[in-house]
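One structure is given below, encoded as structure tokens.
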Amino acid sequence: MNGVNEIRSTFLDYFRQNGHEVVASSPLVPHNDPTLMFTNAGMVPFKNVFTGLESRPYSTATTAQKCVRAGGKHNDLDNVGYTARHHTFFEMMGNFSFGDYFKERAISLAWNLITKEFALPKDKLLVTVYHEDDEAFDLWKKIAGLPEERIIRIATSDNFWSMGDTGPCGPCSEIFFDHGDHIWGGPPGSPEEDGDRFIEIWNLVFMQYEQISADRRENLPRPSIDTGMGLERVAAVLQGKHDNYDIDLFRNLIAASVDLTGVKAEGEHRASHRVIADHLRSSAFLIADGVLPSNEGRGYVLRRIMRRAMRHAELLGAREPVLYKLLPVLVGEMGRAYPELHRAEALISETLKLEESRFRKTLDRGLTLLDEASRELEKGDSLDGETAFKLYDTYGFPLDLTQDALRARGIHVDLSGFQDAMHRQRAEARAHWQGSGDKATETIWFELGEKHEATEFLGYDTEKAEGITL
Ligand code: ATP
Ligand code: MG
Ligand code: MG
Ligand code: MG
């Protein structure tokens, strides 16, 4: 059996048998890390263990970690529905060594798992190494017996990981699966690497240095290992599918969405079903971990995800809330591995339903406005910022929802026009303020308002607030 639940168990059991402590997934909201919006990699909960600030009663560990990449440095929101390999919520399985084993054992554990336990054909696999990392290059040759042309040297930051401007860092090595030449795409490092033919399934990070300052880097006395393998991606390979959305879990979610809407997952509707399945998953898991839709910060990211899914449900002809009706299918698929879904099921359901009924009130009228305003536009044109702002301000359309709605037609949104409209509205509000005559209070009031909007606006891009990548 190669269902996601079995694959997760196989992974964790394998590393348990190899001496690793099996650690439960941490929540999606990272505690004691205000710089990070959501847990976006398996190493996040271990950050302080890697830096030595925290110690644990084990020196090696393995997890299947819930991750969300829908904002900040890793934002895959715009990829969902368009690539075969990205979700907003996914599980990253990993093994970690905190100053215990290093490169050689990490590579041999990984190679043994994928070629023996998972029995992937060796001739479909290729790996990358950081261009200066001769040690990793030689180890792949020795351990995996890969020919040199399938060990690709990469000079970009894709193959050099760092925790931030300072702190642990080091080269990494990524394992790719070749899904065949009927799919567009080239090997890593080639001009067509963004295609979906060669799909990255596993990233092995070799933390061997400590960046002390911009120009000083030292060897870590006890180098560490951090790896991340996408459960859905490896499931696709093991189930003989190219596309993550064709694995058991997503097939079942999409079948339910097809049943509910009566619209087949074909042609132009395929992306909508995928977006709904994916966004339902991230919304449900975020709510289970305590995030509620709101107008700023994490809650606004959740709101954006939910509203995007709702627009796609509308495209499929849904005229009343649907997401909450799909929830039992998700809980059936993932509730055993993640009991928090069971515990929070009623809350998730209510939250989905409430947000959907609220947004329904303006969604229809907003879409009509968008339709009218963009009717004359052609590929390469931009929607004026004024309209995008009106959609945002009056109809509750997050900016990325408007962008997503126009994307299929190759139309952009005039972002600076959008910002101008927002600033203009604030200035007008200030000018029209009759007020109490108390200048000091008014100034504070307006400044607070602007600050509040500024945080809300950060929801689109919190790049600056985030430091962690894998
Ligand atoms: P890609 O280049 O395909 O976007 P990545 O290099 O950003 O992937 P990493 O940050 O190295 O990914 O994360 C480790 C692993 O997690 C990846 O090798 C992949 O298997 C998985 N992964 C990353 N992002 C996603 C996603 N959005 N959806 C599903 N799996 C993902
Ligand atoms: Mg990525
Ligand atoms: Mg990558
Ligand atoms: Mg990677």
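Computed from the coordinates by the stated procedures, all read-outs in this text should not be read as laboratory data. Computed from a predicted model, the values in this text were never measured in an experiment. Cβ atoms come from the backbone with ideal geometry, glycine included; neighbour counts cover every protein chain shown.
If the cut-off is 17 Å between C-alpha atoms, which lysines fall inside it for K361, apart from same-chain ones fewer than 8 positions away?
Within the straight-line cut-off, K361 pairs with K353, K390.
At a Förster radius of 25 Å, what calculated FRET efficiency corresponds to the Cβ-Cβ distance of E268 and D364, to the nearest 0.05?
On the way: r = 19 Å, r/R0 = 0.78.
FRET efficiency, E268 to D364: 0.80.
Where does each of 131-140, 321-330, 407-416 land if you order them by average Cβ count within 10 Å, highest first? The partial results should precede the final answer.
Details: 131-140: 18.2, 321-330: 20.3, 407-416: 14.3.
Order by mean packing, descending: 321-330, 131-140, 407-416.
Go through K122/K142; K73/K103; K124/K241; K103/K142 and tell me which ones have a Cα-Cα distance over 18 Å in this structure. Mind dumping the intermediate values first?
On the way: K122/K142 14 Å; K73/K103 27 Å; K124/K241 14 Å; K103/K142 13 Å.
Long pairs (Cα-Cα over 18 Å): K73/K103.
Sort T10, T368, T51 so the one with the fewest other Cβ atoms within 10 Å of its own Cβ comes first.
Listing T10, T368, T51 from fewest to most nearby Cβ atoms yields T368, T51, T10.
Express in whole angstrom the spacing between the alpha-carbon centres of region 31-61 and region 364-399.
42 Å
Taking the Cα centre of the chain as origin and charging only Cβ (+1 Lys, Arg; -1 Asp, Glu), how large is the dipole, in debye to the nearest 20? Present the calculation step by step, with values, prior to reporting the outcome.
Numbers: 54 positive and 74 negative charges, 233 e Å.
So the dipole magnitude of the chain works out to roughly 1120 debye.
Q17 to V258: extension gain in nm, 0.36 nm per residue of separation minus the Cα-Cα distance? Don't skip to the end; give the middle numbers.
On the way: separation 241, 0.36 × 241 = 86.76 nm, distance 4.13 nm.
So the extension gain works out to 82.6 nm.
Take every Cα-Cα pair in the chain and report what % of them are more than 37 Å apart.
Roughly 31 percent, rounded to a whole number.
If you restrict to DSSP beta bridges whose two residues both lie in the chain, what percentage is antiparallel, to the nearest 5?
Counting only bridges with both partners in the chain, antiparallel ones make up about 85 percent.
Determine the gain in length on full extension of the stretch K116-Y58; use 0.36 nm per residue of separation and subtract their C-alpha separation, reporting nm with one decimal.
Extra length available between K116 and Y58 comes to 18.2 nm.
Helix-derived [θ] at 222 nm for the chain: sum -39500 (n - 2.57) over DSSP H runs of at least 4, divide by residue count, nearest 500?
-13500 deg cm²/dmol
Can you grab the distance from the C-alpha centre of region 217-273 to the C-alpha centre of region 64-116, Å, no decimals?
12 Å
Find the eigenvalues of the gyration tensor of the Cα atoms of region 63-119, then list the square roots of 5 times those eigenvalues as equivalent ellipsoid semi-axes, largest first, in whole angstrom.
Output for region 63-119: semi-axes of 28, 16, 9 Å.
At 0.36 nm per residue, minus the direct Cα-Cα distance, what do A346 and E6 gain on full extension? Give it in nm, one decimal, please.
119.7 nm
Given a Förster distance of 35 Å, report the FRET efficiency between K141 and D78 from their Cβ-Cβ distance, rounded to the nearest 0.05.
Values: r = 38 Å, r/R0 = 1.08.
So, using R0 = 35 Å, E works out to roughly 0.40.
Can you give the Rg to Rh ratio of region 153-256, both from alpha-carbon atoms, with Rh computed by the Kirkwood formula?
1.10
Would you mind ranking S257, S55 so that the residue whose beta carbon has the fewest other beta carbons within 10 Å leads the list?
Numbers: S257 29, S55 10.
Listed from fewest to most nearby Cβ atoms, that is S55, S257.
Using the basic label-point model (7 angstrom from Cα toward the beta carbon), what is the D123 to Q239 distance in nanometres?
In this crude label model, D123 to Q239 measures out at 2.7 nm.
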